[in-house]
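Reading through the structure tokens given below for one structure.
The values are calculated or read from the model by the stated rules, or taken from the named source; none is laboratory data. Here the structure is a predicted model, which means the values were calculated and not measured. Every residue, glycine among them, receives a Cβ derived from its backbone with ideal geometry; neighbour counts consider all protein chains shown. For the accessible areas, the whole protein counts, side chains as well, though only heavy atoms, and no ligand, DNA or RNA atoms are used. Shrake-Rupley method; radii C 1.70, N 1.55, O 1.52, S 1.80 Å.
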Amino acid sequence: MATKTTLRAEVRSRRRARRVGTPAVEALSTPEFIPSPIPVRDRAEASGIARQIHALASSMGGVALPALFVPTPLEPDISLTLGLFERALLPVLLDEAGAPLGAPRWGLWEAGRALVTLGRPPAQPDGEARGAKSLKEADLIVTPALAASADGTRLGQGGGWYDRALMHRSPGVPVVAVVFDDEVLEPGIIPAEPHDVPVDAIVTPTRTITTSVR
């Protein structure tokens, strides 16, 4: 079995190759999506992911306050997903001086508000940074990942940010990992550790996979 460090290096290498020569463009507004404050990097990719998330939210009877994320240039483009909702919780990673925060924080974004970039991506909401316990308010949690498998195992960036934050989610709220299609791995490939929080579903630009956790 490959180590998490090896898997992370392999995925990051593929992502860098995928993004070569792909310029960001302005977010588009269509009847399906309201304008997003995040530039679109790949329209087909962003549209595919947004449609998967929209279908998932609809199957839940609607979502009032999702917890989403602002993608870095190498992560799957969920720019149009933010345009599906009137408001969302987004990670706050840096303080006003641009220094990393020591613990998970969230900010409330509302439609029409811009995001701020404090020296490096990803952008984040301005205003109050809420503690990790604010994740309890979310009724859908969408997380980034480097890979995931149908048994619910998620490969994160290695810092444990989401494993610490997800401890505060409300019972029964689905956790969804967003990855590229070639990052959906067979069960057993991603090493699982006791502190890892499993995901309930995996979303890619082309499909949604319900894991065995649900």
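Relative to the Cα centre, what is the charge dipole magnitude of the stretch 55-156, using +1 at the beta carbon of each Lys and Arg, -1 at the beta carbon of each Asp and Glu, and rounding to the nearest 20 debye?
Roughly 160 debye for the stretch 55-156.
Restricting to DSSP H runs of at least four residues, report the calculated mean residue ellipticity at 222 nm for the chain, -39500 (n - 2.57) per run over all residues, nearest 500 deg cm²/dmol.
-6000 deg cm²/dmol
Using the Cα centre as the reference, give the magnitude of the dipole from point charges on the C-beta atoms of the stretch 101-209 (Lys, Arg: +1; Asp, Glu: -1; all else neutral), rounded to the nearest 20 debye.
Roughly 460 debye for the stretch 101-209.
Of the DSSP beta bridges with both residues in the chain, give the percent that are antiparallel, rounding to the nearest 5.
Rounded to the nearest five, the antiparallel share is 55 percent.
Can you list the residues, at least 5 places off or on another chain, whose amide H is less than 5 Å from the amide H of residue 143, using H built in the peptide plane?
Distant-sequence amide H within range of residue 143: 176, 177, 178.
Considering only protein heavy atoms, what is the solvent-accessible area of residue 54 at a probe of 1.4 Å, reported in Å² to the nearest 10?
So the heavy atoms of residue 54 present about 100 Å² to solvent.
Once you sort the root eigenvalues of the Cα gyration tensor of the chain as a ≥ b ≥ c, which label holds: rounded (a/c under 1.5), prolate (a/b larger than b/c) or oblate (the other case)?
Judged from the Cα gyration tensor, the chain comes out rounded (a/c under 1.5).
Just check the stretch 51-130 against the gyration tensor rule for me: Cα atoms, a ≥ b ≥ c as the square roots of the eigenvalues, rounded for a/c under 1.5, and otherwise prolate or oblate depending on whether a/b exceeds b/c.
It comes out prolate by the Cα gyration axes.
Pull up all non-local amide H partners of residue 94: gap of 5 or more, or a different chain, and H-to-H distance under 5 Å with H placed in the peptide plane.
Result for residue 94 returns 101.
Using the Cα centre as the reference, give the magnitude of the dipole from point charges on the C-beta atoms of the chain (Lys, Arg: +1; Asp, Glu: -1; all else neutral), rounded to the nearest 20 debye.
Once rounded to the nearest 20, the dipole reads 280 debye.
Compute the distance from the alpha-carbon center of the stretch 80-94 to that of the stretch 121-168, in whole Å.
Cα centres, the stretch 80-94 to the stretch 121-168: 12 Å.
Report, for the stretch 134-214, the % of DSSP beta bridges that are antiparallel, rounded to 5.
Restricted to the stretch 134-214, the bridges split so that about 35 percent are antiparallel.
Which of rounded, prolate or oblate describes the stretch 171-214 when judged by the alpha-carbon gyration tensor and an a/c cut-off of 1.5?
The shape class here is oblate.
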